[in-house]
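In what follows, a structure is listed as structure tokens, so that the remarks can point back to it.
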Amino acid sequence: MREIFNFSAGPAMLPEEVLIRAQEELVDWQGTGMSIMEMSHRSKEFLQVSEQTEQLVRELLAVPTNYRVLFLAGGATSQFAMVPMNLLQDKQVAAYFNTGQWSKKALQEAQLYCQVEVIGTSHEVDGLQCLPDLEKFELPAQAAYVHYCANETIAGIEFPQAPELPGDLPLVTDMTSSLFSKPCDIAKHGLIYASAQKNFGHAGITLVIIREDLIGHALPNTPSLFNYQKEVEQHSMLNTPATYSWYFAGLMLQWIKQQGGVQAMDQQSRNKSQKIYQLIDQSDFYINKIHPQYRSRLNIPFTLHDPSLDKDFLQQAKQAGLVNLAGHRSVGGMRASMYVGMPEQGVTRLAEFMQDFEKRCA
Ligand SMILES: *Cc1c(COP(=O)(O)O)cnc(C)c1O
């Protein structure tokens, strides 16, 4: 058992079993005498890996048959541009929820291609951060799609459910920090994207799940690599894909399946985050400013009542094997990210450390 627990927001901690399996297979993948890294992406061996990974995505998330699954490069950030390039069609407006730094980056990128209407923002109520009311937003006429970020990784704020949209207006969701951490009704969405390094692998590959009718309408000057239709036609192999990241995502998804699938991940995420939120709520020493209804299960930002203790907290945590607890550089304080690869034991150790630190320093 590893003794270091990494609370980084991403790239993030991965299950030890998965790393060991990758290590065992690194030099000689299944008796081929070759590493996955050395194999042609067009070889029958790699095609078996890539197809199996797609099957696991479909199975774990119960992806309906009228959706396509893509494994692309460029991270979630490339989707900030690909979405408007492919989904605007003949419209000039897109609607965005602006609830934190990631949705803001997404909408700023979309502004390169269209007019962005912000239909809801995060805001403070009685000193606590809240998300927009999903029953009360107004949609601009002529919006091509609605975009939101399901879990704002930096702020630590998470939508409890997806917004309901009228008619067949496509809902586009950045699920980079929450996909595979709970069940998801894919049919409510036109498009979902997530890069791997938070919940289901390491950096290099981005999963896109897209409804078929949204494919094939890219703007005329869209580069081929940014065109969903061309990627669908080439099975995500329009150029050489990130083969190792793709393979590794497959190992992670097998592991999630063995653990009991996304229902089990949801239960574990709730248990782990509850442990820390409870501790925060029972103390005046630790503070979290997100309304309980919108607290993220994956990223828990918190501050100490006396910020002059921050340095000691981080240093002593590190000595206890609890690393990367510093908050995002833009907000300071602390942040404990606990994606599906964070073992329960890591969270227990963090809770014990926080209680002990409080006793000694309060
Ligand atoms: C990390 C993150 C991103 C950025 O992902 P990249 O793969 O670095 O482009 C986007 N959105 C959310 C919600 C994230 O957590």
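Every read-out reported here was derived from the displayed coordinates using simple, explicitly stated rules and does not represent laboratory data. What you see is a predicted model, and the numbers here were worked out from it, not measured in a lab. Don't worry about glycine lacking a Cβ; one is built from the backbone with ideal geometry, like all the others, and counts go over all protein chains shown.
Which log10 I(q)/I(0) values, to two decimals, does the chain give at q = 0.09, 0.12 Å⁻¹ under the Debye formula with one point per Cα?
Values, matching the q order: -0.52, -0.91.
Within the set Lys182/Lys359; Lys257/Lys289; Lys104/Lys136, which residue pairs have Cα atoms separated by over 32 Å?
Over 32 Å Cα-Cα: Lys182/Lys359; Lys257/Lys289.
What FRET efficiency do you get for Asp185 and Leu309 if R0 is 35 Å and r is their Cβ-Cβ distance, rounded to the nearest 0.05?
0.20
For a test of the definition: using alpha carbon positions, the gyration tensor, and the 1.5 limit on a/c, classify the stretch 58-200 as rounded, prolate or oblate.
Rounded, since a/c falls under 1.5.
Using only helices, what value at 222 nm comes out for the chain when you add -39,500 (n - 2.57) per DSSP H run of length 4 or more and divide by the total residues, to the nearest 500 deg cm²/dmol?
Helix contribution divided over all residues of the chain: -11000 deg cm²/dmol.
If each Cα of the stretch 86-135 is one equal point scatterer, what is log10 of I(q)/I(0) from the Debye formula at q = 0.15, 0.17, 0.27 Å⁻¹?
-0.46, -0.56, -1.01
Answer with one residue from Pro84, Leu207, Tyr145: the one whose Cα lies farthest towards the positive end of the charge dipole of the chain, charges on Cβ with Lys, Arg +1 and Asp, Glu -1.
Selected residue: Leu207.
Over the chain, with a Gaussian network built from C-alpha contacts below 10 Å, which listed residue (Gln129, Gln282, Gln55) shows the highest mean-square fluctuation?
Ranking Gln129, Gln282, Gln55 by mean-square fluctuation puts Gln282 first.
In percent, what relative contact order does the stretch 163-208 have, based on Cα pairs under 8 Å that are 6 or more apart in sequence?
Here the relative contact order equals 35 percent.
Between Leu47 and Ile20, how high is the FRET efficiency from 1/(1 + (r/R0)^6) when r is the Cβ-Cβ distance and R₀ = 22 Å? Nearest 0.05.
Computed FRET efficiency for Leu47 and Ile20 comes out at 0.30.
When the Cα centres of the stretch 71-100 and the stretch 183-201 are compared, how far apart do they sit, in Å?
Result: 15 Å between the Cα centres.
Report, in debye and to the nearest 20, how large the dipole of the chain comes out about its Cα centre when Lys and Arg carry +1 and Asp and Glu carry -1 on their Cβ.
The dipole of the chain has a size of about 360 debye.
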